[in-house]
Every structure is written in C-alpha cells, then in structure tokens.
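Undergrad: The structure follows.
Read-outs throughout are calculated quantities, based only on the coordinates presented, and are distinct from any laboratory measurement. As the structure is a computational prediction, the values presented were derived from the model and not from experiment. Here Cβ is always computed from backbone atoms with ideal geometry, including for glycine, and neighbour counts include all displayed protein chains.
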Amino acid sequence: MLAFPEAWALARASLLTQIAPPPRHVAIIMDGNGRWAEARGLPRSEGHAAGAEPVRTVLKAAHRLGIRYLTLYAFSTENWARSTEEVGNIFTLLGQYIDSETAELLASGVRLMAVGDLRSLPAQTRQALDQAERLTAHNQDLTLSLALSYGSRAELTQAVRELATKTQTGSLDPLAINEDIFGQSLWTGRLPDVDLLIRSGGDKRVSNFMLWHLAYAELYFTDTLWPDFSEADFLSAIADFQGRQRRYGRA
Ligand code: IPE
Ligand code: IPE
Ligand code: MG
C-alpha cells in the first residue's frame, strides 16, 4: 500500500492532468544556488549541494504527472569561467548525485542522458554518466537529460560544422538539409521541442539554453531560488502552462 503522502501526491497529480494535458517536455534553468548560499553566509558550494534535493522533488513530481522529458540545465559552456574551486565542487556534487540516484532511476523507469560538449567534462564524470546512461537506456517512462557543458551557440555551430563536412565529402546533398536533419545534428537531437521552460532565481533570460527547441516553448519565471524550489512551485508552473493558449502563429 502507498504511504499517505505518496497517495495524496498521486491524487493531486491525477487531478491536475484531468484539467488539461501536462507538457510533454519540461526544461528547467536551475538558477539561484549561489545567492541562496550567500544569503545564509555560506560558501556557494553549499548552495549547489542544496540544489540536489529540488532535483529529486521535481523528478518525482514530473514522473507522477506523466511528463515524458525533463531537461535540466546543470552547467553551461559559460560556467567554465567560474573559479576552479567552484567548477570542481559542481562536478564532485554531480558525481555524488549520479552515484546515489542511478539505482533509483533504474528502478523507477527513468532514462538518464547527458547533453552538451561532453568531451570537456572531467574523465570521472564522463565515466559515471556513461555507466548510468547504459544502465538506464531501456527505461521509457521519463527521459531525464542533464545539460552539462551545454551552450546553444556551441551546439548550433558544431551542427553546422558536421553538416558542412558531410556535404564536402559528398555524403549529404546541401539541398536535402531541412529542419529535421538539422535538428538531429544537435547534441539535443534526440529530444522533442520544449513545451514549458521554467527558470528559477528571478532572472528573465534564457542564458544560451536550448535555443532551437525553445522556438514555441511557454516561458515561466519565478523568483524562488533553486534550493527553495518545491513541489508546489513545480505544480504552479504546470498549472500556469495548462492555462495557456498555444497558437503557433495561427489566427
Ligand atoms: C545555478 O546557480 C547553478 C549553476 C549555474 C551551476 P548559480 O550558481 O548561477 O547561482 P546564482 O545565480 O549565482 O545565485
Ligand atoms: C544558467 O545560469 C546556467 C545554469 C543554470 C546551469 P547562470 O547563472 O550561468 O546564468 P546567467 O549568468 O545569470 O545568465
Ligand atoms: Mg546564476
């Protein structure tokens, strides 16, 4: 039998999905860890550490709602400009997250994927990610993508380079290039368009995240700092999305 809080959470999720279909693909810019820590007189690394719990909360809630894709912006190409200490902390925490969560992801039907310039990640992180990806590759309920060393401009540029090389070697006709072929050349090529983008931390910008897939995404910004982001915050974003009218340029 389910424990009461889990049964209650499932009932809430079922009510919400009866109002309107949930988004298929939710992407989140998890911002505000540093400010959360600084406001408490703590080092920034404590903010990143505290950011792991909302990831678990949101993943569970997304799963209950039947959301198929959850993509989390965890480290951008531009974040390499931070101090060596902070970058090191982030990758240590990421390694700990993968180690502690893989068994649970595997058991709960979640497939883990990493998207970004993965060659630039520390070797240990890449190995841990590769293993988790291989283990969970057959899971189909929900795909959890971690955007790591990810930046849209770098992604778009490498896609152009890849396609240009193929046309030069004769394996691709330039006139055959269409939106599908271009989209498939992106690091995020296996992901569908984003339906809902959430950004925590109060800033209203996309910071080089998934520019191609955001073309018709609904945007939701909240002042809540990521370590404080709760299930209620997530459900508010989903309910807000369900009230939107998407027109895709039509009258
Ligand atoms: C987001 O939080 C996490 C990463 C970018 C890795 P920040 O570290 O950007 O937190 P703020 O924006 O400085 O508060
Ligand atoms: C975006 O946050 C990147 C991640 C959340 C990983 P940033 O803190 O790097 O974005 P800016 O610098 O405020 O645009
Ligand atoms: Mg930030």
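Undergrad: List the chymotrypsin sites (Phe, Trp or Tyr not before Pro) within the stretch 162-251 that DSSP assigns to loop and that have no more than 11 neighbouring Cβ atoms inside 10 Å. Mind dumping the intermediate values first?
TA: Values: sites: PHE182, TRP187, PHE209, TRP212, TYR216, TYR220, PHE221, PHE229, PHE234, PHE241, TYR248; in loops: TRP187, PHE209, TRP212, TYR216, PHE229, TYR248.
Listed in order of number, the matching sites are TYR248.
Undergrad: Count neighbours as other Cβ atoms within 10 Å of each site's Cβ, and list the trypsin sites (Lys or Arg not before Pro) in the stretch 102-199 that are DSSP loop with at most 11 such neighbours. Don't skip to the end; give the middle numbers.
TA: Working: sites: ARG111, ARG119, ARG126, ARG134, ARG153, ARG161, LYS166, ARG190, ARG199; in loops: ARG190.
Answer in residue order: no site qualifies.
Undergrad: How high is the FRET efficiency from LEU106 to GLU231, r the C-beta distance, R0 22 Å, rounded to 0.05? Please list the in-between numbers first.
TA: On the way: r = 23 Å, r/R0 = 1.03.
Efficiency computed from Cβ-Cβ geometry: 0.45.
Undergrad: Oh, and also: For ILE28, which sequence-distant residues (separation of 5 or more, or a different chain) have an amide H within less than 5 Å of its own amide H, given hydrogens modelled in the peptide plane?
TA: Amide H to amide H, under 5 Å and 5 or more residues apart or across chains, ILE28 pairs with THR71, LEU72, TYR73, ILE198.
Undergrad: Another question about this same structure. Computed FRET efficiency, Cβ-Cβ of SER120 and LEU15, R0 45 Å: what is it to the nearest 0.05? Don't skip to the answer; put the middle values down first.
TA: On the way: r = 44 Å, r/R0 = 0.97.
Efficiency computed from Cβ-Cβ geometry: 0.55.
Undergrad: For the pair GLN184 and ASP130, how long in nm is the line joining their label points, each one 7 Å along Cα→Cβ?
TA: About 2.5 nm separates the two model spin labels.
Undergrad: What Kirkwood radius, in Å to one decimal, follows from the Cα pairs of the stretch 158-203?
TA: Values: mean 1/r = 0.0798 Å⁻¹.
Computed over Cα pairs of the stretch 158-203, the Kirkwood hydrodynamic radius comes out at 12.5 Å.
Undergrad: At 222 nm, what value in deg cm²/dmol follows for the chain if DSSP H runs of at least 4 each add -39500 (n - 2.57) and the sum is divided by all its residues, to the nearest 500?
TA: Numbers: 9 runs with 118 residues, N = 251.
The per-residue figure over the chain is -15000 deg cm²/dmol.
Undergrad: What's the extension gain from GLU162 to TYR248 if we count 0.36 nm per residue and subtract their Cα-Cα distance?
TA: Working: separation 86, 0.36 × 86 = 30.96 nm, distance 2.95 nm.
That pair, GLU162 and TYR248, stretches by 28.0 nm at full extension.
Undergrad: How far is the Cα center of the stretch 19-33 from the Cα center of the stretch 150-172, in Å?
TA: A separation of 29 Å, based on Cα centres.
Undergrad: Under unit Cβ charges (Lys, Arg +1; Asp, Glu -1), what dipole magnitude, rounded to 20 debye, does the chain have relative to its Cα centre? Show your work: numbers first, answer last.
TA: Working: 25 positive and 29 negative charges, 103 e Å.
So the magnitude is around 500 debye.
Undergrad: Can you list the residues, at least 5 places off or on another chain, whose amide H is less than 5 Å from the amide H of SER149, using H built in the peptide plane?
TA: Amide H to amide H, under 5 Å and 5 or more residues apart or across chains, SER149 pairs with PHE75, SER76.
Undergrad: If you don't mind, there's one more thing I want to ask. Taking θ as phi - 60°, what are the ³J(HN,Hα) couplings along the stretch 182-189 by the Karplus curve (6.51, -1.76, 1.60), each to the nearest whole Hz, with x for Gly and Pro?
TA: 4, x, 5, 7, 7, 4, 8, x
Undergrad: Which one, THR224, PHE241, PRO43, is farthest towards the positive end of the dipole of the chain when Lys and Arg carry +1 and Asp and Glu -1 on their Cβ?
TA: Most positive-ward Cα: PHE241.
Undergrad: Place +1 on the Cβ of every Lys and Arg and -1 on the Cβ of every Asp and Glu in the stretch 117-201, take the dipole about the Cα centre, and give the residue among PRO122, PRO192, LEU175 whose Cα lies farthest towards its positive end.
TA: About the Cα centre, the residue reaching furthest to the positive side is PRO122.
Undergrad: Kyte-Doolittle mean at least -0.5 and Cα extent at least 15 Å along the axis: which DSSP H helices of the chain qualify?
TA: Working: long enough: 4-19 (23 Å, 0.65); 52-65 (20 Å, -0.04); 84-107 (35 Å, 0.22); 123-136 (20 Å, -1.06); 152-169 (26 Å, -0.74); 231-242 (16 Å, 0.38).
Sorted by number, the helices that extend far enough and score high enough are 4-19, 52-65, 84-107, 231-242.
Undergrad: Per 5 Å bin, what is the whole-percent P(r) computed from every C-alpha pair distance within the chain?
TA: 1, 6, 12, 16, 19, 18, 13, 8, 5, 2, 1, 0, 0
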